1. List the pairs whose first member sits in region 70-83 and is farther than 17 Å from PHE30 by Cβ, whose second member is small (Gly, Ala, Ser), and whose Cβ atoms are under 6 Å apart, counting only residues at least 6 apart or on separate chains?
2. Being at pLDDT below 85, in a helix (DSSP H, G or I) and more than 18 Å from the chain's Cα centre (by Cα) narrows it down to one of LEU126, LEU111, so name that one.
3. Residues in region 74-91: is at least one of a type in the set (Gly, Ala, Ser), over 24 Å from SER170 (Cβ atoms) and at pLDDT 90 or above?
4. Kindly establish whether LEU118 is closer than 18 Å to ILE48 by Cα, assigned to a helix (DSSP H, G or I) and open to solvent by less than 70 Å² (accessible area, probe 1.4 Å).
5. What's the number of the only condition in (1) closer than 30 Å to PRO157 by Cβ; (2) more than 12 Å from the chain's Cα centre (by Cα); (3) surrounded by fewer than 17 Cβ atoms within 10 Å (Cβ to Cβ); (4) hydrophobic (A, V, I, L, M, F, W, C) that ILE83 fails to meet?
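The values are calculated or read from the model by the stated rules, or taken from the named source; none is laboratory data. Remember, it's a predicted structure, so these values are computed and weren't measured experimentally. Note that we place each Cβ from the backbone using ideal geometry, even for glycine, and neighbour counts take in every protein chain shown. Surface accessibility is based on the protein's heavy atoms, side chains included, excluding ligands, DNA and RNA. Shrake-Rupley method; radii C 1.70, N 1.55, O 1.52, S 1.80 Å.
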Amino acid sequence: MEEFLKNAEFLLQHGEITDALQKIAVYKEFKKGELIHPANSICKHFYILISGIGRVFYFRDGKDITVHIASEQESITAIDSFIQRKKSKYNIEAIEDISCFMVAREDLEELSAKSHKLEHLGRLFLEKLYINLAERLDSLLLHTSQERHDDLFAKKPELFNRVPAKHLASFLGMTPETFSRIRGK
């Protein structure tokens, strides 16, 4: 939420960016269980969640692997595809009913070409994404299952009541059995 407030503050200080984004953002709703983006297709949008929770996942050896979970005031996309304009291995699914703003990459690029401030906001977004990915990698490589669980619970306790345990376990890089054991302590 703190990160959202920083972004909101930036937008409030630069009303022209807010106005420009409102012109290209399209309101959209997705039902629980609905695929927002299917794997093996190019992801041309990113989504700013107003309500609900979504996840990014892929299949490996018949297993469903969750790599990202986003909730209110966060964004979600198949980042590999959105940036590189190639088919993605990721699916995006609504874990709960979602209402969101959908922004097309093409529209965003067009606006960025016209506005240095919007280009700056895009850079800040990518910096935050990089930091999140680096922290996630460190967590998976350097921390125990217990530490990963405790860290996520400290940062986003609401997920533990709203996201199925199997998806949280997968996101934390552990089996559902290990997740259940840790959660039961």
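1. Between residues of region 70-83 that are farther than 17 Å from PHE30 by Cβ and residues that are small (Gly, Ala, Ser), the close pairs are ASP80/SER88; SER81/SER88.
2. When all the criteria are applied, what remains is LEU111.
3. There is no residue in region 74-91 that is of a type in the set (Gly, Ala, Ser), over 24 Å from SER170 (Cβ atoms) and at pLDDT 90 or above.
4. yes
5. Just one mismatch for ILE83, condition (1).
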